[in-house]
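**Q** Have a look at the structure that comes next, please.
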Amino acid sequence: MKMITAIIQPDKLDEVSEALIKKDITRITVGRVTGHGQKVEEDLYRGQEVGIDLSPKIRIDIACNDDYVEEICQIIMATARHEGGKLGDGKIFISSLEDCIRIRTGERGSPAI
Amino acid sequence: MKKTALTAVLLGVFVHLPRLCFAQTESVPDSGVTAWMLTSTALVLLMIPGLALFYGGLVRTKNVLGTMMHSFAAMAIVGVLWAVCGYALSFGPNTLGGWIGWDPNLLFLNGLDDAVADGGIPEYVFAMFQGKFAIITPALIAGAFAERVKFKSYCLFIVLWVLLVYCPLCHWVWMEEGFLFNMGANGAIDFAGGTVVHISSGISALVIALYIGARRGYPRSAMHPNNLVLTLLGAGLLWVGWFGFNAGSSVSSGLDTARALTATQVAGASGALMWMIIEGLRHGKVTSLGLASGILAGLVVITPAAGVVKVPGAIMLGFIASVVSYFAIQLKTKFGYDDTLDVFGIHGVAGIVGAIGLTFFIRDEWMREAVAASPDGVWGVGQQLGVQLAATGITIVYAVVVTFIITLVIDKLCGFRVTERSEMSGLDQACHGEHGYGLLNLN
């Protein structure tokens, strides 16, 4: 079992989540987070472009069985990337997942995912 | 000479006033009336940020600024347009066979510097008061195509719509020479904008919503309001502003003003109450958005009627408006069109209910005047109903045709809708380069 954590740009959330759901990957958790990558975010403030220290990002967490990792990552990469690939498009982290429990039934491990 | 004719016209704008009081021309402003009209002008302006909050709260987080900008941009664009030529087109003498008004002296409100209208208000105040109506009407339409139009196209749209739809309608209904003003024995009744403001904006909203199509994903995916707190605040401000809208439309500060204010208060409340009852009975829960919608339905329905109905009539109209609007909104789901914030369902439908339904609640005094004004001395509810139906029908047909043409032209010229990608990322980011809520965690 793996935990996939993707940090993406907020304006790409709809595209990514729709593409995932279309491929039946529906167990996802989405959060609004702030952080700092390489890119300096620019916003308009009274006609001036200003850089923000911490910029808003979207974090998507997906716990999955090993066979799905590649597919999920491909979907996220294909949809979260801005035309031609831009600084700030985000990252995907993959870590191994020790266990998983479904609260309702008490099931453990792979079947619970 | 021209000025005298004009001032006479300006005061004649509101049908229900006995015409006697326009006879004398006063050259000194009446401080009481002027003070109330100044207040009303400010109150009507307050409705526009109110509308921005009302609409802004109802859309998704990514479109909150884009939606509020529709209202605020109307203040900027129509605010200038009205002073430059809108007032001349609406309140100038008949031109082009009465289709519109025109008086070059009114361009840039030039001739108004020393003008005092007959009721004793400086004509500047009247022009500014009317200007607020011209601002809010196109801003109302924006609710129907929220979350999916280009800002540039919207700006172009409100310019054309004000010039080609609003100004002619305003001229027909509120100008003394206008043909709807003179229809029947004592004119078509539209106290403060049932036809000019609410039916015209509601029906135009429906036309555009049908033309540009539904939002991406509608109605399959849920599109939750980002902040109903803003919406309730907006509904409250609209109610406050509506006292200027209706009671100010008496262009006086006396009995007529008091009547309009009372009818407005009572109808807003009865509309809200009826919506609460319907939702309580049908769903077992009363929603805040439902209550806010009821307030609006009640206020819209009383807008054409505030000068001619008494309290029982106002309560009944509020009740009827909420029932009809509630079921009209259910129809939207059935037909599948995406009138996003129910501009047609509330403004269009309640406006039509008000313009026609008021006929059955007219106070006797008004009917007696109509009988006296009628050439053969006979005037009944049936005949007035015919006049109201005609005024409503003409408004609907005119607004549908011209709005459709404007929409078509703008769509061919620069595209009305944003690209799919911009729609997904949201108007705030795509059209304005901002975001509404900073780092807050919202839906």
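**Q** With viscosity set to 1.002 mPa s at 20 °C, what whole-number translational diffusion coefficient in µm²/s follows for the protein assembly as shown from Stokes-Einstein and a Kirkwood radius over Cα pairs?
**A** Answer from the Stokes-Einstein relation: 84 µm²/s.
**Q** Once both labels are modelled 7 Å past Cα along the beta-carbon direction, what's the A:GLN74-B:VAL229 spacing in nm?
**A** Those two pseudo-labels are separated by 4.5 nm.
**Q** Could you work out how much longer the chain between A:HIS36 and A:ASP89 gets when fully extended? Use 0.36 nm per residue separation minus the Cα distance between them, nm to one decimal.
**A** 17.9 nm
**Q** Turning to a different aspect of this structure: Points 7 angstrom from Cα along the Cβ direction at B:LEU107 and B:LYS334: gap in nanometres?
**A** In this crude spin-label approximation the distance works out to 5.2 nm.
**Q** Using only alpha carbons, build the gyration tensor for chain B and give me the equivalent ellipsoid semi-axes, biggest first, whole Å.
**A** 35, 25, 20
**Q** Gaussian network model of chain B, Cα springs within a sub-10 Å range: biggest mean-square fluctuation belongs to which of B:ASN226, B:ASN94, B:ASN110?
**A** B:ASN110
**Q** Which of B:LYS62/B:LYS152; B:LYS62/B:LYS132; B:LYS62/B:LYS412; A:LYS12/B:LYS334; A:LYS23/A:LYS86; B:LYS62/B:LYS334 have a Cα-Cα distance over 20 Å?
**A** Pairs exceeding the cut-off: B:LYS62/B:LYS132; B:LYS62/B:LYS412; A:LYS12/B:LYS334; A:LYS23/A:LYS86; B:LYS62/B:LYS334.
**Q** Based only on other Cβ atoms within 10 Å, what is the fewest-to-most ordering of A:GLU98, A:GLU107?
**A** Sorted ascending by nearby Cβ count, the order is A:GLU98, A:GLU107.
**Q** Run the simple label-point estimate for B:ARG363 and B:ILE277 please: 7 Å along Cα→C-beta, distance reported in nm.
**A** Once both label points are built, they end up 2.5 nm from each other.
**Q** Which cross-chain or sequence-distant (5 or more) residues have an amide H under 5 Å from the amide H of B:VAL116, H modelled 1.01 Å from N in plane?
**A** Result for B:VAL116 returns B:GLU123.
**Q** Continuing with this model, one more query. Which three semi-axes in whole Å describe the equivalent ellipsoid of the range A:2-112, each the square root of 5 times a Cα gyration tensor eigenvalue, listed largest first?
**A** Each semi-axis is √(5λ); the values are 31, 15, 12 Å.
**Q** Next question. Spelling out what I want: for every residue of the range B:238-253, take phi, set θ = phi - 60°, compute 6.51 cos²θ - 1.76 cosθ + 1.60 (Karplus), and round to whole Hz; glycine and proline get x.
**A** 4, 4, 4, x, 5, 5, x, 4, 8, 5, x, 5, 6, 6, 7, 9
**Q** With a 10 Å cut-off between alpha carbons and a GNM built on chain B, which of B:GLU177, B:GLU365, B:GLU147 moves the most?
**A** Most flexible of the set in this elastic network: B:GLU365.
**Q** Continuing with the same structure: Which residue, B:TYR87, B:TYR124, B:TYR55, tops the fluctuation ranking in a GNM of chain B built on C-alpha contacts under 10 Å?
**A** Among B:TYR87, B:TYR124, B:TYR55, the largest mean-square fluctuation in the Gaussian network model of chain B belongs to B:TYR124.
**Q** Give me the aspartates and glutamates in straight-line cross-link reach of A:LYS2: C-alpha distance below 16 Å, same-chain residues under 8 apart excluded.
**A** Excluding near neighbours in sequence, the set is A:ASP61, A:ASP66, A:ASP67, A:GLU70, A:GLU71, A:GLU98, A:ASP99.
Computed from the coordinates by the stated procedures, all read-outs in this text should not be read as laboratory data. What you see is a predicted model; the values in this text were computed from it and never measured. Cβ sites come from the backbone with ideal geometry, for glycine too, and all protein chains shown count toward neighbours.
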